[in-house]
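Here is the structure we will look at.
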Amino acid sequence: FDMLSMHGVFRLVVFGTLLHLSTPAFTGLHGKDAIEKKHKKGDALEHEHKHTSHHEASDFGLVKEEKRHPSEHHSRDHGGHESKHRPGIIPSVEEVHKMSTDFLTHHPNVKPVPPTATTTTLVPELFREALKKRANIDELATDNLPAEKAVRMMETEVGWDVDHFSKNDAPIKALVDAGGLTSETNDAERMLSNLPQYMDVVIPSIRDLDFLDEWRPFLEGFHLILVQDGDPDKYLKIPSWADYELYNRRDVEAALGDKAWIISQKDASIRNFGFLVSRKKLVYTVDDDCRPAVGPDGKLVDAVKEHARNLLSPSTPHFFNTVYDPYRSGSDFVRGFPYSLRAGVATAVSHGLWLHNYDYDAPTQLLKHQEKNERYVDATLTVPKGVLYPLCSMNVAFDRELIGSAFMQGLMGVGQPWGRYDDMWAGWASKTVADHLGVGSKTGHPYIKHNKASNPFTNLLKEYKGLEWQETVIRFFDTVQLSERSKHDAGDAYVELSWRVHRELGHLNVYFERLGQAMRTWVEVWRQAQKGEVSFVPSRRSGKGPVAAERAAKPPADSFAPLAGGIRGAKPSEDSYTKFDYVRGFSR
């Protein structure tokens, strides 16, 4: 054969091989049988697990349903026929309306943010009607601008001056009035002005909480839910100005009984218990090695209020706005952003960032141990729908009513094979559920200053398996599909997700079956707590209220003399001792 003939034969061989690989016999041997074998194994594991409910699993179609690969999905064209186009994430105008109506029906306590002149979907129609009143518009024009005459008339009427913008604002004001837009104070502004009524602050700690003094300008007046990790007999000193309740491990076990195992030990994810205790709409959680950051204007940033501002304004997960959060002062939607999507969706999670020490994993810490972040990027972004992100719980806030039952930090700490992935798990899972429910997640501003870099070798010890597992786990969250039956309640979605974890990640390690059980138990306990069926009694608290003093740590015998004048003029209390100067931050 000459070279051309050989090339032709080679092409035939390759084509024949590909044809063979695509035959039913081949795909049946390596595709369908493998899938059925995997599902049979998963079903057997469910029956063997003593806590598994076959009825509960079947409620979400998990027993018989075979998940289709995303590449097999087809969208529908305008005639309702199956199309070869890839499925999109941008809803149509009709779908936006239906999504909004369904969401408000199932979340009656959520008040939509009143539309403004640039966020109402009516803007194109308002301008169209205003122009039609001035001149005829050739809507079918193909070789000229259809509204030229009408626009020129409006320009003459309004006037245009580069320096002063307009000589007559009345026509524009008429457009705003026609849209029924209002400048009255909305619920979000009212809540921000009285935020302690609507937001709790949850802090896990193993040490004295003198760091709170640096937060005093922003936290005084808020209720603090302190969750003590480690030795419950260690007495933690707390500034006298703080309004708090403190729970230790004995308090956790007294409240949850045989379900207390879902609250991690010797791990920051013990903050989960504080999430259960809270009764406010919003929760902010921060670590004890974090301090308020200095913003670009040289002033301390009120992270608490800024997180609340993020949560009380919409997100835009279906379309990316290139000037970041369009609802922040000084920003808006840019040209080309569809008006049908400008009302946005409710925000479930506000994820803040950090100055000084980044939230790096152990290998990155060791490879870049001298690197510090000194740049505050004053921007907030909506994480797009279908995109996962790494959530760090040292500076994060969330809406309990929207996502609380799906915001469990993963089971870590004592008795678990990995660590430092508790908040990663919460981020991946809550984003998956948020996308399913049609709510948003934001990241960026506000920052805090992360003072203390943790030991990278301790971190490597905890992260060892996670560095491998995360490659599989992230792809699981990226492709998992939840059912229509769970799309209106975060708890239902999280329970369904727990079964997927049990079945589709159990091959990695039996731990994931345990984690799936913990997720279901979490939702069960969450719902009981919301009904008032769980009794939360702290071992210590400020002010009045029930306490379980018998479970509390005893203060050191040599530290009963209170500071003269207390802290910054506050009245001395049992928590102000001569051993520590809360104003200057050093031991006497």
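The values are calculated or read from the model by the stated rules, or taken from the named source; none is laboratory data. Remember, it's a predicted structure, so these values are computed and weren't measured experimentally. In this analysis, Cβ positions are derived from the backbone assuming ideal geometry, glycine residues included, and neighbour counts consider all displayed protein chains. For the accessible areas, the whole protein counts, side chains as well, though only heavy atoms, and no ligand, DNA or RNA atoms are used. Shrake-Rupley method; radii C 1.70, N 1.55, O 1.52, S 1.80 Å.
Pairing each residue of segment 318-333 that is under 24 Å from residue 99 (Cα atoms) with any residue that is open to solvent by 90 Å² or more (accessible area, probe 1.4 Å) and part of a loop (DSSP other than H, G, I, E, B), provided the two are 6+ apart or on different chains, yields C-beta distances under 7 Å for 318/90; 319/90.
If only residues of segment 506-548 that are in a helix (DSSP H, G or I) and either modelled with pLDDT under 95 or among the basic types (Lys, Arg) (or both) are counted, the one that is nearest to residue 412 (Cα to Cα) is 514. Consider segment 255-272 and keep the residues that are of a type outside the set (S, T, N, Q) and surrounded by 24 or more Cβ atoms within 10 Å (Cβ to Cβ). The one that is modelled with the lowest pLDDT is 268.
If the condition is being among the small types (Gly, Ala, Ser) and open to solvent by less than 10 Å² (accessible area, probe 1.4 Å), then segment 302-328 contributes 303, 308, 315.
Just to verify a result, which residue in segment 378-407, among those that are more than 18 Å from residue 290 (Cβ to Cβ) and small (Gly, Ala, Ser), is surrounded by the most Cβ atoms within 10 Å (Cβ to Cβ)? Among residues in segment 378-407 that are more than 18 Å from residue 290 (Cβ to Cβ) and small (Gly, Ala, Ser), the one surrounded by the most Cβ atoms within 10 Å (Cβ to Cβ) is 406. Of the listed requirements (1) open to solvent by 90 Å² or more (accessible area, probe 1.4 Å); (2) touching a residue at least 12 places away in the same chain (Cβ under 8 Å); (3) hydrophobic (A, V, I, L, M, F, W, C), residue 145 misses just one: (2).
Within segment 521-532, none of the residues are of a type outside the set (D, E, K, R), open to solvent by 10 Å² or more (accessible area, probe 1.4 Å), more than 25 Å from residue 278 (Cβ to Cβ) and out of contact with any helix residue (DSSP H, G or I) (no Cβ under 8 Å at 6 or more places or on another chain). Counting only residues that are in contact with a strand residue (DSSP E or B) (Cβ under 7 Å, 6 or more places away or on another chain) and β-branched (Val, Ile, Thr), segment 523-560 holds 1 of them.
When the residues of segment 468-488 are filtered to those that are within 22 Å of the chain's Cα centre (by Cα) and under 30 Å from residue 369 (Cα atoms), which remaining residue is surrounded by the fewest Cβ atoms within 10 Å (Cβ to Cβ)? Within segment 468-488, the match that is surrounded by the fewest Cβ atoms within 10 Å (Cβ to Cβ) is 471. Taking the conditions exactly as written (under 21 Å from residue 249 (Cα atoms) and assigned to a helix (DSSP H, G or I)), does residue 493 satisfy them or not? Spelling it out, it is not the case that residue 493 is under 21 Å from residue 249 (Cα atoms) and assigned to a helix (DSSP H, G or I). Of the listed requirements (1) surrounded by fewer than 22 Cβ atoms within 10 Å (Cβ to Cβ); (2) without any contact (Cβ under 8 Å) to a residue 60 or more places away in the chain; (3) touching a Leu at 6+ places or on another chain (Cβ under 8 Å); (4) not acidic (Asp, Glu), residue 436 misses just one: (1).
Determine whether residue 204 is under 29 Å from the mean Cα position of the chain (by Cα), open to solvent by 80 Å² or more (accessible area, probe 1.4 Å), of a type outside the set (S, T, N, Q) and at pLDDT 85 or above. Against the criterion (under 29 Å from the mean Cα position of the chain (by Cα), open to solvent by 80 Å² or more (accessible area, probe 1.4 Å), of a type outside the set (S, T, N, Q) and at pLDDT 85 or above), residue 204 does not qualify. Might you check whether a residue that is on the phi > 0 side of the Ramachandran plot and in contact with a helix residue (DSSP H, G or I) (Cβ under 8 Å, 6 or more places away or on another chain) occurs anywhere in segment 213-226? Taking every residue of segment 213-226 in turn, at least one turns out to be on the phi > 0 side of the Ramachandran plot and in contact with a helix residue (DSSP H, G or I) (Cβ under 8 Å, 6 or more places away or on another chain). Are any of the residues in segment 458-466 outside any helix (DSSP H, G or I), in contact with a helix residue (DSSP H, G or I) (Cβ under 7 Å, 6 or more places away or on another chain) and not charged (D, E, K, R)? Within segment 458-466 (the criterion being outside any helix (DSSP H, G or I), in contact with a helix residue (DSSP H, G or I) (Cβ under 7 Å, 6 or more places away or on another chain) and not charged (D, E, K, R)), the answer is no, since none of the residues qualifies.
Scanning segment 438-454 turns up no residue that is part of a helix (DSSP H, G or I) and out of contact with any Gly (no Cβ under 6 Å at 6 or more places or on another chain).
Against the test of being closer than 19 Å to residue 270 by Cβ, assigned to a helix (DSSP H, G or I) and open to solvent by less than 30 Å² (accessible area, probe 1.4 Å), the options 227, 252 yield a single qualifying residue, 252. In segment 101-124, the residue that is nearest to residue 316 (Cα to Cα) out of those that are open to solvent by less than 60 Å² (accessible area, probe 1.4 Å) and among the hydroxyl-bearing types (Ser, Thr, Tyr) is 119. Note on segment 329-356: residues that are open to solvent by 20 Å² or more (accessible area, probe 1.4 Å), outside any helix (DSSP H, G or I) and in contact with a helix residue (DSSP H, G or I) (Cβ under 8 Å, 6 or more places away or on another chain) amount to 3. Can you pull out the residues in segment 230-249 that are farther than 17 Å from residue 543 by Cα, within 30 Å of the chain's Cα centre (by Cα), open to solvent by 20 Å² or more (accessible area, probe 1.4 Å) and touching a residue at least 24 places away in the same chain (Cβ under 8 Å)? Passing the criteria: only 230. Of all positions in segment 352-359, at least one carries a residue that is under 25 Å from residue 403 (Cβ atoms) and in contact with a Leu (Cβ under 9 Å, 6 or more places away or on another chain).
Looking at segment 207-224 only, could you name the residues that are free of Cβ contacts under 8 Å to residues at least 60 places away in the same chain and assigned to a loop (DSSP other than H, G, I, E, B)? Answer for segment 207-224, where residues must be free of Cβ contacts under 8 Å to residues at least 60 places away in the same chain and assigned to a loop (DSSP other than H, G, I, E, B): 220, 221.
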